[in-house]
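A short worksheet on the structure shown next.
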Amino acid sequence: MQQILQEIYEEIRPLLGEGEVASYIPQLAHISPQKFGMAVITIDGDCYSIGDAQEPFSIQSISKLFTLTMAMQNDDGSLWKRTGREPSGNAFNSLVQLEYENGIPRNPFINAGALVVTDLILTQLGNAKQAVLDFICALTDNLNISFNLAVAQSEASVGFRNKALAYFLKSFGNIYNNVESVLDAYFHHCSIEMSCLDLAKASLYLANKGLCPTTQQTIVTTRQTKYLNSLLLTCGTYDAVGDFAYRVGLPAKSGVGGGILAVMPNKFGICVWSPGLSPEGNSKAGTMALDLFTTKTGISIF
Ligand code: GLU
């Protein structure tokens, strides 16, 4: 496995620097596009990594996976009435579909869907902002994981589209709490910083039928694990989800910080980070690295 990671690193090196970093969030514009890290952790605890795998980066939309997991844990039956489960066929921050579809976001991984999910856990747990961070710290057994307050503030200062989405959702009655509180929690969740190693570890419940191997706690049921992995496969990598599934063949969630977290059920979690993004928002080198990984190992869900 280590040898394969080494080969991948060498093959993707020429791609580093390609793509655009997510400069629409001012604090993320400063990240070097040359960064590249990759980590694989098996459910038995074997760990392989390369490059900048220990360096924390902005997880951005990868946080949507953890907020959704918490919403499933606490679902009062309203989750799938308030958001759908279909790929959107639109940009992750698009407003148009919401108007046609009466304020019901297509899925929980586009921004509108994540705002609804954040609202749901805010109702159920009170302090949604801290609850998601605590959940992530427990999954990774790493209490040093934290918000990057400058990134959260930076996004809050320019996040007009997310604000528009949240108020638009409110106008359809699909945000129950104060809109600014929902946005504050959402921006903070996106600002959480984790390394590839942290994220690979945090994903292990999805590779292990819902049981976290670190804490031996049941995070979700086997059935909910199936649901989460299926949603990742069909909705987790923006409006490039078909191409991503074709090339990589693993359930995955990407974020505009350049991270991609993927899961091989019953085997391992894998995370790659490189900040240069495709126009859809997926890490270019990261997608290539995962494509090479499943090709070279012959391991994917298919
Ligand atoms: N905080 C980012 C936004 O809402 C997250 C986007 C992403 O990673 O997809 O625009």
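Structure summary
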| read-out | value |
| --- | --- |
| Alpha carbon centroid spacing (whole Å) that separates region 244-302 from region 203-238 | 16 Å |
| Convex hull volume of region 166-302 per residue (C-alpha atoms, cubic angstrom) | 136 Å³ |
| Between helix 63-73 and the chain: long-axis angle, C-alpha atoms, 0 to 90°, nearest 10 | 60 degrees |
| Alpha-carbon centroid distance for the pair region 87-118 / region 1-76, whole angstrom | 24 Å |
| Gyration tensor verdict on region 113-245 (Cα atoms; rounded if a/c is under 1.5, prolate if a/b is larger than b/c, oblate otherwise) | prolate |
| Angle in degrees between helix 2-12 and the longest Cα principal axis of the chain, rounded to the nearest 10 | 70 degrees |
| Compactness of region 1-68 as Cα Rg over 2.2 N^0.38 Å, two decimals | 1.30 |
| Against the rule of thumb 2.2 N^0.38 Å, how large the Cα Rg of the chain comes out | 0.91 |
| For the chain, built as a Gaussian network whose Cα springs stay under 10 Å, the top-fluctuating residue of Asp198, Asp141, Asp119 | Asp141 |
| Between 0 and 90°, nearest 10: helix 111-125 axis offset from the chain longest Cα axis | 70 degrees |
| Over 32 Å between alpha carbons, listed pairs Lys64/Lys296; Lys35/Lys64; Lys226/Lys296; Lys129/Lys296; Lys81/Lys253; Lys170/Lys201 | Lys129/Lys296; Lys170/Lys201 |
| Residue among Lys170, Lys201, Lys284 with the largest mean-square fluctuation in a Gaussian network model of the chain, springs linking Cα atoms under 10 Å | Lys170 |
| Charged-residue dipole, Cβ positions (Lys, Arg, Asp, Glu), the chain about Cα centre, Debye nearest 20 | 580 debye |
| Overall dimensions of region 225-302 as given by Cα atoms, namely Rg and Dmax in Å | 11.1, 32 |
| Fluctuation leader among Ser171, Ser278, Ser63 - the chain, Gaussian network, Cα springs under 10 angstrom | Ser171 |
| Top positive-direction residue, dipole computed over the chain with Cβ charges, set Leu79, Ile145, Ser195 | Leu79 |
| Region 93-168: C-alpha gyration tensor shape, a/c 1.5 cut-off, then a/b vs b/c | prolate |
| Disulfide-incompatible cysteines by the Cβ rule (no partner under 4.7 Å) in the chain | Cys47, Cys137, Cys190, Cys212, Cys235 |
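Computed from the coordinates by the stated procedures, all read-outs in this text should not be read as laboratory data. All values derive from a computational prediction rather than experimental measurement. Counting neighbours? That spans all protein chains shown, and the Cβs are built from the backbone with ideal geometry, glycine included.
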